[in-house]
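Input: a single structure, listed below in structure tokens.
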Amino acid sequence: MVVKSGNVRGAQYANKAPADENQGFSNGGAHSFYQFICFQFPMLKEELKLADMEAEPEEFIRGIFLNAVLSTVLALIFLAVVFYAMKISVLLAIILAPALGICMFFYLKYYPNVRASARKNEIDRELIFCARHLLIAINAGMPLFDALVSVSRDYGEVSREIYKIVEQVSFGESMSIAIRDVVESNSSQYFRQIMLQIMNSLAAGGDVGEALESTITQISNEQLSKMQEYGQKLSPIVVFYMLFSIVIPSLGIVFVITIISFVGGIAASLNSWFLLLMFLLIAL
């Protein structure tokens with residue numbers, strides 16, 4: 001009986017081992033495949049970091065790849081049904097579906113850049129207001145940590161970034177290291193400039209309020225200069241838009257009415273629908 005039991009256990013182990021090996025090989029193959037794709041995008045880790053996405057590059061690639069495969073399958077089924085109903089060769093669906101899947105893959109791959117850009121714009125929009133609040137708190141004699149706590153809410157993405165600093169310092173990290181870690185994962189140039197100025201002032205033992213005030217003034221002037229430059233670029237576009245959408249159609253209608261008044265006999269013989277169509281074309 002003991003021998004039989006040992007034989008049974010040995011047989012069970014023999015049957016189980018190949019399955020485990022095959023599963024390990026399958027997982028290892030998929031892991032190597034996703035790693036290979038990650039190597040084609042060396043900046044992906046930095047892009048995910050700037051987008052404030054916690055996913056690792058391989059995990060992100062696996063997700064968008066599976067989404068692309070699913071999109072390919074659904075597109076293949078949909079196009080095959082449509083082409084079959086329209087009596088078009090179904091082979092065309094087999095060609096188009098993978099192309100749509102590839103487009104979906106690169107579209108999802110670009111998402112971290114879009115998110116990072118949106119975060120940057122939101123941070124730049126609220127940064128000056130948050131920095132002025134911080135400056136007032138520091139000038140009022142509040143310690144830097146308490147001043148950061150006071151602006152760690154009510155300012156959107158800026159407050160979220162500052163809250164990361166507050167959280168790290170609360171867990172025992174030094175202020176300079178906490179600021180450096182947050183700055184490395186932020187895509188806003190202005191936010192980096194302010195935080196690095198604070199960090200340098202702390203390292204040098206200087207006046208944080210004075211350094212912060214000069215940085216705020218510099219950033220405000222840069223933003224104002226960019227707005228004026230944008231307004232100067234926008235002015236000719238507005239003029240051309242008004243010219244082609246308002247002035248020329250109005251003059252065209254006046255011109256047509258004048259011509260019709262001189263050739264009333266001809267206008268009377270024209271169909272009213274034709275005249276209406278002509279006026280609509282001029283207005284467009």
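The values are calculated or read from the model by the stated rules, or taken from the named source; none is laboratory data. Here the structure is a predicted model, which means the values were calculated and not measured. FYI the Cβ positions are ideal-geometry reconstructions off the backbone, even for glycines, and counts take in every protein chain you see.
Just need a number here: residues in region 182-222 that are under 14 Å from L148 (Cβ atoms) and among the acidic types (D, E).
0
Can you report the number of residues in region 88-120 which are closer than 24 Å to F41 by Cβ and of a type in the set (S, T, N, Q)? Give the derivation first.
Filtering region 88-120 for residues closer than 24 Å to F41 by Cβ gives 97-120.
Still in the running and of a type in the set (S, T, N, Q): 113, 117.
So the answer is 2.
Test A137 against the stated conditions and say whether it is among the hydrophobic types (A, V, I, L, M, F, W, C) and either touching a strand residue (DSSP E or B) at 6+ places or on another chain (Cβ under 6 Å) or not assigned by TED's automatic domain parsing to the domain that holds Q218 (or both).
Details: among the hydrophobic types (A, V, I, L, M, F, W, C): yes; either touching a strand residue (DSSP E or B) at 6+ places or on another chain (Cβ under 6 Å) or not assigned by TED's automatic domain parsing to the domain that holds Q218 (or both): no.
No.
Would you confirm, using the coordinates I've provided, whether S150 is among the polar types (S, T, N, Q), under 25 Å from D207 (Cβ atoms) and at pLDDT 90 or above?
Working: among the polar types (S, T, N, Q): yes; under 25 Å from D207 (Cβ atoms): yes; at pLDDT 90 or above: yes.
When the stated conditions are applied, S150 passes them.
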